[in-house]
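Below: the structure, in structure tokens.
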Amino acid sequence: MSLPELTPEERATYEWQMWLPGFGEAAQRRLKGASVLISRVGGLGGNVAYQLAAAGVGRLVLAHAGNLRRSDLNRQLLQTHEGIGRRRMDSIVRRLHELNPRLEITAVSENVSDANAASLVAQADVIVDAAPLFEERLALNRAAFAARKPMIECAVYAFEAHLTTFIPGRTGCLQCLVPEVPPEWKRQFPVLGAVSGTAGCLGAVEVVKVLTGLGEPLAGTRLVMDLGTMQFRRLKLAQRADCPVCRIGNVPASA
């Protein structure tokens, strides 16, 4: 597939990142030709979206339902005080276009579910999971592995941030890590906005690495960060031999 050419305006906008060793115009064209799905565009996914818009990813598919609440404003930086009570997606699209008017956005005012996960995943090259509910996360994981598409998994709780990249054919999946929905988990939980921002920015870096082939993604490795103590750990992720998702999705592509 041929990649889109860069305009003079785009070369000027992305000049500094194209100076990165091995990046250049080739990587920037890959970003321009790419499509990324982000599940939930709040404090975590909103930062992923904003950084990818800034980096020059050509198209974002954004899935997030509901209206803005006052309690969202400590972390959802694509929102404004004037938007309280209004659809989150309207502000998300407007703020992203203010940063990057060239960005193509497919806005879906729904949360991911078993009913829509496959159709959403089909529209993207890379998937980003930033949903607060495990029902959404596991539905997205199943759809991503069925479509053999990489998924960046971002999560936060209090001062902790977790990040990993699942790649069908190379790694296990989210269901290996979380076989079933934790019964005690609730949608609302303690979080500092800056922790969401940190995890979101790192998630965007993972997307750029996967799309361009540069750097070393966290494939098979879980980065666990305690920002309260600034301790960082890299944990190897085991793949379950009996996983109902991986035992199908991890068949090598050449098989």
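Once you put a point 7 Å from the Cα of E216 and another 7 Å from the Cα of H97, both along the Cβ direction, what distance in nm separates them?
4.2 nm
Report Rg(Cα)/(2.2 N^0.38 Å) for the chain, keeping two decimals.
0.97
Considering only DSSP beta bridges where both residues belong to the chain, give the percentage that are antiparallel (nearest 5).
For the chain, the DSSP antiparallel bridge percentage is about 45.
Answer with one residue from F145, G197, N47: the one whose Cα lies farthest towards the positive end of the charge dipole of the chain, charges on Cβ with Lys, Arg +1 and Asp, Glu -1.
F145
I need the calculated FRET efficiency for the pair E5 and K236, taking r as the beta carbon distance and R₀ as 51 Å, to the nearest 0.05.
The calculated FRET efficiency here is 0.80.
May I ask you to order 65-71, 86-92 by the average number of other C-beta atoms within 10 Å around their residues, highest value first?
Final packing ranking: 86-92, 65-71.
Could you put L140, L192, L218 in order, starting from the residue whose Cβ has the fewest other Cβ atoms within 10 Å?
L192, L218, L140
Mind putting a number on the dipole of region 14-249 about its Cα centre? Charges go on the C-beta only, +1 for Lys and Arg and -1 for Asp and Glu, and I need it in Debye to the nearest 20.
Using Cβ point charges on Lys, Arg, Asp and Glu, region 14-249 gives about 120 debye.
Among A26, A219, A204, which one moves the most in a GNM of the chain with springs linking Cα atoms closer than 10 Å?
Of A26, A219, A204, the most mobile in the Gaussian network model is A26.
Give the peptides 43-49, 29-35 in descending order of average Cβ contacts within 10 Å, highest first.
The peptides rank, most packed first, as 43-49, 29-35.
Pull out the extension gain between R170 and E15, defined as 0.36 nm times the separation in residues minus the alpha carbon to alpha carbon distance; nm, one decimal.
52.5 nm
Tell me the label-point distance for the pair H162, S109, using the 7 Å Cα-to-Cβ offset, in nm and rounded to one decimal.
Reported label-point gap for H162 and S109 is 3.2 nm.
Provide, for region 14-249, the number of lysine pairs with alpha carbons under 24 Å apart, each pair being eight or more places apart or on different chains.
Here the count comes out as 5.
Each reported figure results from applying straightforward, stated rules to the coordinates on display, with no laboratory input. Only a predicted model underlies this, so the values are computations on that prediction, with no experimental measurement involved. Please note: Cβ atoms are built from the backbone with ideal geometry, for glycine as well, and neighbour counts cover all protein chains shown.
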